[in-house]
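S.K.: One structure, as structure tokens, below. Some questions next.
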Amino acid sequence: MDEANNPYSPGAGRLPVALVGRDAQLKAWDTRLRRVEAGRDSQPLALYGLRGVGKTVLLAQFARQARERGWLVARVEAKADASIRQLIGEELAPGLADLARPGMGSRVLKALKTALSFKASYDTSGTWSFGVDLSGVTGSNANTGSLEADLGKLLRDLAGAAAEDGKGVALLVDEIQDLEANEIVALSAIAHRAAQDRERLAMAVAGLPSLPRVLTDAKSYAERLFEYHSIGPLEPTDAKRALIEPAQAEDVAWANAAARLVLDAANGYPYFLQQFGQDSWNAASDSPITVADAKVGLARGWHSLDLGFFRARWERATEAEKTYLTAMAPDGDRGTSTATVGQRLGRHPKSLSLTRANLIDKGLIYAPDHGMVAFTVPGMATFIHRWTAAQ
Ligand SMILES: Nc1ncnc2c1ncn2[C@@H]1O[C@H](COP(=O)(O)OP(=O)(O)OP(=O)(O)O)[C@@H](O)[C@H]1O
Ligand SMILES: [Mg+2]
């Protein structure tokens, strides 16, 4: 069928036509927005799960929900080599310009002035011009060098400005495990204080399954500060909807047995559902999508995943790291003890700890428990079998 009308969306952060199985998270976020608007406190959310389960898509949907209510939104993806100040500042900039309107109140003016000082904290050559004369306005000093103080003041003043018309500020941070510990401490402290002071701030963070531990290690009260949501594979009925509904919207049906094949192969993983859905659609010549189409779709789908989703990650590993990953592969997706990896490689686990740490830094594995390692990518173990057998 025409690829131009293909309704499936495999790829990082691509909003699916049918965003299913995440009602609890969407409702939790909506409740927070409404609580903040009502002047109540709101507990920050922390979403964690394996690669490709739909964390980024959820944060994007959170951002959309907040924007629809007229909120100021910063959605950023932490990166090991980027400053979180700059990421947040530049994400907020367009919304700040929108705040500057004729007849704006004193709290908006103050927030804009504070924003200029925050901008100066990471960019000494550039500034923002909001088309407003701020020379006589007093803002907060958000250029002290302390992230907690500077970002805290910026968000507090912006939240005050948003309060003038009953709105709020949303801060959404993806890949939070890539932040420095002190940055996580700063974010936690800001969220903590904002909730205590009923500031008009709602926050959600997302990251790999190690996220609850990463947060708690950085700040002991983070365990109670955040409401944690594990984002896993979709339940069978939701997985079926994720596959069937996008086609249905285009008046295309799936033969039952064809859908069954794809659902079994995808095992509830959203990324795989989108990939196999896309490839089966492209293989079909007409509605309904048949078993033969699904078989071609699956073969092409696995091939694309091997060359893209899996291989992109595999190639980030050095030879020594690939050896380590290969030693984990016999245990599949459920994880391996570091002692077993050592045994399989004939090495003392301690001598492998740097390799292990580098793989964690690269986001390829995580530590589900003390002395354990597991793949962050579902299906990575079987990929390694396929890949190494083909070499
Ligand atoms: N609830 C859902 N229903 C159907 N498809 C979904 C759902 N959530 C995500 N997807 C699809 O799954 C894929 C992966 O989503 P996303 O990039 O948000 O995952 P992620 O958890 O952020 O992965 P990573 O850890 O690699 O960043 C996308 O193609 C997206 O369209
Ligand atoms: Mg993501």
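Results for (1) surrounded by 16 or more Cβ atoms within 10 Å (Cβ to Cβ); (2) more than 13 Å from Thr388 (Cα to Cα); (3) not β-branched (Val, Ile, Thr), shown as yes or no for each residue.
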site	(1), (2), (3)
Arg311	no, no, yes
Arg316	no, yes, yes
Met328	yes, yes, yes
Asp331	yes, yes, yes
Arg334	no, yes, yes
Ala339	no, yes, yes
Gly342	yes, yes, yes
Arg347	no, yes, yes
Lys350	no, yes, yes
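S.K.: Does Arg67 fit the bill of being away from ligand 1 (no atom under 13 Å from the Cβ), surrounded by fewer than 17 Cβ atoms within 10 Å (Cβ to Cβ), farther than 30 Å from Arg311 by Cβ and of a type in the set (D, E, K, R)?
M.R.: yes
S.K.: From the list Ala60, Ala24, Ala28, Ala18, exactly one residue is of a type in the set (Gly, Ala, Ser), under 26 Å from Ile365 (Cα atoms) and within 16 Å of ligand 1 (Cβ to nearest atom). Which is it?
M.R.: Ala60
S.K.: Same structure again: Out of Val185, Val137, report the one residue that is open to solvent by 10 Å² or more (accessible area, probe 1.4 Å), in contact (Cβ under 8 Å) with a residue 12 or more places away in the chain, assigned to a loop (DSSP other than H, G, I, E, B) and assigned by TED's automatic domain parsing to the domain that holds Pro209.
M.R.: Exactly one residue qualifies, and that residue is Val137.
S.K.: Only one of Asp264, Asp217 is modelled with pLDDT of 95 or more and farther than 17 Å from Ala18 by Cα. Can you tell me which?
M.R.: On the way: Asp217 fails: modelled with pLDDT of 95 or more.
That would be Asp264, the only listed residue that is modelled with pLDDT of 95 or more and farther than 17 Å from Ala18 by Cα.
S.K.: Here's another thing I want to ask about it. State whether the residues of segment 39-62 include one that is assigned by TED's automatic domain parsing to the domain that holds Ala159 and free of Cβ contacts under 8 Å to residues at least 40 places away in the same chain.
M.R.: There is no residue in segment 39-62 that is assigned by TED's automatic domain parsing to the domain that holds Ala159 and free of Cβ contacts under 8 Å to residues at least 40 places away in the same chain.
S.K.: Would you mention how many residues in segment 89-112 are acidic (Asp, Glu) and under 22 Å from the mean Cα position of the chain (by Cα)?
M.R.: So in segment 89-112, the residues acidic (Asp, Glu) come out as 90-91, 98.
From what's left, under 22 Å from the mean Cα position of the chain (by Cα): 90-91.
Qualifying residue count, segment 89-112: 2.
S.K.: While we're on this one: Just the residues that are free of Cβ contacts under 8 Å to residues at least 24 places away in the same chain and among the polar types (S, T, N, Q), please, taken from segment 226-246.
M.R.: Thr237
S.K.: Within segment 340-350, is even one residue under 20 Å from Gly49 (Cα atoms) and not in a strand (DSSP E or B)?
M.R.: Checking segment 340-350: not a single residue is under 20 Å from Gly49 (Cα atoms) and not in a strand (DSSP E or B).
S.K.: Here is a follow-up. So, in segment 54-69, how many residues would count as being assigned to a loop (DSSP other than H, G, I, E, B) and within 23 Å of Phe272 (Cα to Cα)?
M.R.: 1
S.K.: To continue, here is another question. I need every pair where a residue in segment 3-27 that is more than 13 Å from Lys55 (Cα to Cα) has its Cβ under 8 Å from the Cβ of a residue that is acidic (Asp, Glu) and part of a loop (DSSP other than H, G, I, E, B), sequence separation at least 6 or different chains.
M.R.: Asn5/Glu250; Pro7/Glu250
S.K.: Within segment 288-303, identify whether any single residue is open to solvent by 20 Å² or more (accessible area, probe 1.4 Å), touching a residue at least 12 places away in the same chain (Cβ under 8 Å) and touching an Asp or Glu at 6+ places or on another chain (Cβ under 7 Å), and answer yes or no.
M.R.: Yes, segment 288-303 contains a residue that is open to solvent by 20 Å² or more (accessible area, probe 1.4 Å), touching a residue at least 12 places away in the same chain (Cβ under 8 Å) and touching an Asp or Glu at 6+ places or on another chain (Cβ under 7 Å).
S.K.: Within segment 217-250, can you find the residues that are part of a helix (DSSP H, G or I) and open to solvent by 40 Å² or more (accessible area, probe 1.4 Å)?
M.R.: Asp217, Glu223, Arg224, Pro236, Thr237, Lys240, Arg241, Glu245, Gln248
S.K.: Check whether at least one residue in segment 74-82 is touching a Phe, Trp or Tyr at 6+ places or on another chain (Cβ under 8 Å) and surrounded by fewer than 19 Cβ atoms within 10 Å (Cβ to Cβ), and report yes or no.
M.R.: No, segment 74-82 contains no residue that is touching a Phe, Trp or Tyr at 6+ places or on another chain (Cβ under 8 Å) and surrounded by fewer than 19 Cβ atoms within 10 Å (Cβ to Cβ).
S.K.: When you look at Trp281, is it more than 23 Å from the chain's Cα centre (by Cα), open to solvent by less than 30 Å² (accessible area, probe 1.4 Å) and not charged (D, E, K, R), yes or no?
M.R.: Taking the combined requirement at face value, the residue satisfies it.
S.K.: Considering only residues that are more than 16 Å from ligand 2 (Cβ to nearest atom) and open to solvent by less than 50 Å² (accessible area, probe 1.4 Å), which ones fall in segment 352-363?
M.R.: Across segment 352-363, the qualifying residues are Leu352, Thr355, Ala357, Leu359.
S.K.: Could you check segment 33-53 and list, in sequence order, the residues that are open to solvent by less than 30 Å² (accessible area, probe 1.4 Å) and outside any helix (DSSP H, G or I)?
M.R.: Of everything in segment 33-53, those that are open to solvent by less than 30 Å² (accessible area, probe 1.4 Å) and outside any helix (DSSP H, G or I) turn out to be Ser42, Pro44, Leu45, Ala46, Leu47, Gly49, Gly52, Val53.
The values are calculated or read from the model by the stated rules, or taken from the named source; none is laboratory data. Values in this document were obtained by computation on a predicted structure and should not be read as measured data. Neighbour counts are summed over all protein chains in view; Cβ atoms, including those assigned to glycine, are modelled from backbone coordinates with ideal geometry. To get the accessible areas, we keep the full protein, side chains included, count just its heavy atoms, and leave off ligands, DNA and RNA. Shrake-Rupley method; radii C 1.70, N 1.55, O 1.52, S 1.80 Å.
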